[in-house]
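Presented below is the structure to which this report refers.
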Amino acid sequence: MLNENQPRQPIQLLVVVLNYRTADLTIDCLRSLKNEVESLAGTHVVVTDNASGDGSVEKIRSAIDTHQWGNWVELMPLERNGGFAFGNNAAIRSYWEAGNLGPYVLLLNPDTVVRPGAIQALLDFMEQHPEVGIAGSRLEDPDGTPQHSAFRFISI
């Protein structure tokens, strides 16, 4: 279903932020995305809310309106909490069915703070390596120290 905030032309990058009772973190994430999105033509953000029921939808909608982010971010409240994949797929499916989904989708947790140039670096990598189907960004602590996100699982 084409939302009034969805771009009418196919986009290059769809950024999906899944919220569940983390409105303040989600708003901080959007704040960190603003300059990145505005500098990358063809980029659009969707915040899906996994039926938080805690006022998150109203708080995020108010922030979008207050900061005038409506030209690049859309809020998609969901009727139920179907989990991580359900929330992300709701946004992706909406764009796919409307014929607006471009070649790239970036899934962000609401506690993400996007560093300047990070999204462009990911897109550059993907363009330079067409054989790659998926890439992830580097995770950092607030002071810039890398977080380790891969490790061996213990087994029998």
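Residues in region 97-120 that are assigned to a loop (DSSP other than H, G, I, E, B) and open to solvent by 60 Å² or more (accessible area, probe 1.4 Å): Pro103, Asn109, Asp111, Val113, Arg115, Pro116. Checking Pro110 against (1) in contact with a Ser or Thr (Cβ under 9 Å, 6 or more places away or on another chain); (2) under 20 Å from Ala41 (Cβ atoms), which single condition isn't satisfied? Evaluating Pro110 over (1) in contact with a Ser or Thr (Cβ under 9 Å, 6 or more places away or on another chain); (2) under 20 Å from Ala41 (Cβ atoms) leaves (2) as the failure.
Scanning region 73-87 turns up at least one residue that is closer than 19 Å to Gly42 by Cα and not hydrophobic (A, V, I, L, M, F, W, C). Considering region 101-156, the residues that are more than 15 Å from the chain's Cα centre (by Cα), small (Gly, Ala, Ser) and closer than 20 Å to Leu33 by Cα include one that is modelled with the lowest pLDDT, namely Gly144. Which condition does Phe84 not pass, out of (1) under 20 Å from Thr22 (Cβ atoms); (2) more than 14 Å from the chain's Cα centre (by Cα); (3) in contact (Cβ under 8 Å) with a residue 40 or more places away in the chain, if it passes all the others? Condition (2) is where Phe84 drops out.
Considering only residues in region 73-96 that are within 18 Å of Lys59 (Cβ to Cβ) and in a loop (DSSP other than H, G, I, E, B), the one that is most open to solvent (accessible area, probe 1.4 Å) turns out to be Asn81.
Look through region 40-55, keep the residues that are under 16 Å from the mean Cα position of the chain (by Cα) and of a type in the set (Gly, Ala, Ser), and return whichever of them is nearest to Glu74 (Cα to Cα). Ranking the qualifying residues of region 40-55, first place goes to Gly42. A count restricted to region 15-54 and to residues that are in contact (Cβ under 8 Å) with a residue 40 or more places away in the chain, touching a helix residue (DSSP H, G or I) at 6+ places or on another chain (Cβ under 8 Å) and in a loop (DSSP other than H, G, I, E, B) stands at 3.
Among the residues of region 121-156, those identified as open to solvent by less than 70 Å² (accessible area, probe 1.4 Å), touching a Leu at 6+ places or on another chain (Cβ under 8 Å) and either in contact (Cβ under 8 Å) with a residue 60 or more places away in the chain or in a loop (DSSP other than H, G, I, E, B) (or both) are Leu123, Ala135, Ser137. Among the residues here, Leu33 qualifies as modelled with pLDDT of 95 or more and under 23 Å from Ile134 (Cα atoms).
The values are calculated or read from the model by the stated rules, or taken from the named source; none is laboratory data. Because the structure is a prediction, the values reported are computed rather than measured. Using ideal geometry, Cβ is built from the backbone for each residue, glycine included, and neighbour counts are taken over all protein chains shown. Surface accessibility is based on the protein's heavy atoms, side chains included, excluding ligands, DNA and RNA. Shrake-Rupley method; radii C 1.70, N 1.55, O 1.52, S 1.80 Å.
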